[in-house]
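Peer 1: My questions will all concern the structure given below.
The values are calculated or read from the model by the stated rules, or taken from the named source; none is laboratory data. All of these numbers come straight from a predicted model, not from anything done at the bench. Glycine gets a Cβ as well: all are built from the backbone with ideal geometry, and neighbour counts include every protein chain shown.
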């Protein structure tokens, strides 16, 4: 599986600072340790213990299935890892809104919380896939958690999150999405418009004023809170 290397002003290589205008993306460097600076790993003894105590037997089975999926994919090519992880979470987790699950308008769940409940929204799917691929050894600079506007039938759009994988820094990324089970190049996902994306050490923000209602700072605050909870559950990111 190879990403289309056709350049794109929204998903491709970032332009020089002097050329960042309109819908082009600008790069804001964040200190690496502000998000994470450790080698991802999971203490599965702690992880399974938390699942069992907090959520019960069905949750423990989902957690064990995740552990088995990681073990089976560990030595596989990255294409197989992308496909396997995308399929696992899309088939294992049922979409439900944060309001229905947590009684909050915006809550970023850890993989433990998502697998424990068996439910999650688009952020939860994306976080779980990102964590899984990082644990499999996919470099952070090949992955971006990406906020997009998802075009709906009838012309409406809604905020959505997907995971983008870049074969090279200038590639059109492949998109892992719970709303579309197919892993497609971003150039074939005309229903998605990027707003901002981030990794462990960088944040990309779209320069379109129509996107000002989505505050990246508040989203990154949610990310840091999720990291702290995940660590207590045995997952180091």
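Peer 1: Looking at residue 161 and the list (1) surrounded by fewer than 20 Cβ atoms within 10 Å (Cβ to Cβ); (2) modelled with pLDDT of 90 or more; (3) not in a loop (DSSP other than H, G, I, E, B), which single condition is not satisfied?
Peer 2: It is condition (1) that residue 161 fails.
Peer 1: Something else now. Look at the range 69-92 and say how many of its residues are surrounded by 13 or more Cβ atoms within 10 Å (Cβ to Cβ) and within 21 Å of residue 179 (Cα to Cα).
Peer 2: Summing the residues that are surrounded by 13 or more Cβ atoms within 10 Å (Cβ to Cβ) and within 21 Å of residue 179 (Cα to Cα) in the range 69-92 gives 13.
Peer 1: Something else now. Taking the condition of being out of contact with any strand residue (DSSP E or B) (no Cβ under 8 Å at 6 or more places or on another chain), assigned to a loop (DSSP other than H, G, I, E, B), surrounded by fewer than 18 Cβ atoms within 10 Å (Cβ to Cβ) and at negative phi, how many residues in the range 132-158 meet it?
Peer 2: Residues in the range 132-158 being out of contact with any strand residue (DSSP E or B) (no Cβ under 8 Å at 6 or more places or on another chain), assigned to a loop (DSSP other than H, G, I, E, B), surrounded by fewer than 18 Cβ atoms within 10 Å (Cβ to Cβ) and at negative phi: 3 in total.
Peer 1: What is the one condition in (1) touching a strand residue (DSSP E or B) at 6+ places or on another chain (Cβ under 9 Å); (2) modelled with pLDDT under 95 that residue 47 does not satisfy?
Peer 2: Only one criterion in (1) touching a strand residue (DSSP E or B) at 6+ places or on another chain (Cβ under 9 Å); (2) modelled with pLDDT under 95 is unmet by residue 47, namely (2).
Peer 1: Where in the range 43-119 are there helices (runs of 4 or more DSSP H), lying wholly inside it, with at least 3 residues that are under 27 Å from residue 140 (Cα atoms)?
Peer 2: Output list reads 44-55, 57-73, 78-92, 111-117.
Peer 1: Among 66, 95, which is the only one that is more than 13 Å from residue 133 (Cα to Cα) and either under 17 Å from the mean Cα position of the chain (by Cα) or loosely packed, with under 12 Cβ neighbours inside 10 Å (or both)?
Peer 2: 95
Peer 1: A further question on this structure: Testing residue 185 on (1) touching a helix residue (DSSP H, G or I) at 6+ places or on another chain (Cβ under 6 Å); (2) surrounded by 15 or more Cβ atoms within 10 Å (Cβ to Cβ), one condition comes back false. Which one is that?
Peer 2: (1)
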